[in-house]
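Just below is one structure, and these are the notes that go with it.
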Amino acid sequence: MEKCMICNSDQALPRTGQVRMTAVTDDGPDLRMEINQAHLRILDMSVHLLGYVNAFRALSELPDYLGRGRTRYAMVLVMLDELASLMELMKECENCVTDHIPEVYIEGYFSPLRKQERMERVLEEIGKSEALFFKVKKNLGREPSAIDFTFFKDQFLRTEGSLFPLVEKVLRYDWRCDGEELPSEEDIEMLFTAIELNVRGAAEFSYQWAMANEYDIDFKLETLYSKDGRDRRKEKGYWVIKPL
């Protein structure tokens with residue numbers, strides 16, 4: 001049986017079999033996998049991120065309370081970290097398909113330095129999105145004053161490639177930390193909107209790719225819409241997984 005390109009086990013996905021929704025694991029700093037496996041991994045990561053998107057929405061619909069802003073900030077940080085990894089893998093897959101290369105290889109994919117580089121790159125890329133600009137403008141009812149995510153760029157420059165100390169600082173109380181800074185609600189909303197646009201696009205692309213290539217996907221992605229319409233996010237609905 002063909003070895004798995006990620007964990008070197010005998011559990012590689014068959015050509016026509018159920019897609020196992022498991023988290024990405026690493027065995028060393030590099031990533032090497034067959035191109036079809038990489039596309040299925042994009043689907044895996046996208047669906048995983050859609051869970052965060054839905055959780056963030058549900059949290060945002062509740063009335064303001066102590067800890068709400070802190071929790072939303074921590075969730076956005078985790079989503080951004082995973083989105084950066086997802087977008088890099090998607091870009092490499094696109095390059096491999098264009099150049100007819102059967103295998104995706106990303107040197108240092110799991111290394112802290114590479115994580116830092118792709119985080120800075122993804123913040124630059126999503127900030128230039130025209131779709132994001134108009135979506136934020138619609139949600140705010142005015143043009144955004146800034147959409148360059150400067151606050152988040154400054155925060156990640158201090159992480160040295162590891163996000164979790166920052167998340168821990170956001171969530172935990174440390175009496176030694178004086179003058180703690182949190183981004184504004186508007187900044188968090190703009191970053192979430194950027195993440196959601198990219199995650200939904202990745203999920204749609206990877207799901208359609210898997211169906212077109214006749215992989216035995218036993219679920220479908222569906223958007224459910226709200227009936228009350230009181231929240232501006234409601235017109236976009238909720239992503240769910242339903243059995244076929």
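Taken together, the values in this text are just the output of simple stated rules run on the coordinates, not laboratory data. The shown structure was predicted, so the numbers you read here are calculated from the model rather than taken from an experiment. Cβ: placed from backbone, ideal geometry, glycine included. Neighbour counts: every protein chain shown.
Per-structure values
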item	result
Rg(Cα) / (2.2 N^0.38 Å) computed for region 31-243, rounded to two decimals	1.07
Cα lying deepest toward the dipole's positive end in region 31-243, options Met211, Ile241, Leu123, charges on Cβ	Ile241
From phi via Karplus (6.51, -1.76, 1.60), per-residue ³J(HN,Hα) for region 106-116 in Hz, x at Gly/Pro	10, 5, x, 4, 9, 7, x, 4, 5, 4, 5
Only Lys, Arg (+1) and Asp, Glu (-1) charged, at Cβ; region 31-243 dipole about Cα centre in debye	700
Only Lys, Arg (+1) and Asp, Glu (-1) charged, at Cβ; region 89-177 dipole about Cα centre in debye	580
Surrounding net charge for His39, when Lys and Arg each add one and Asp and Glu each subtract one, Cβ distance under 12 Å	-3
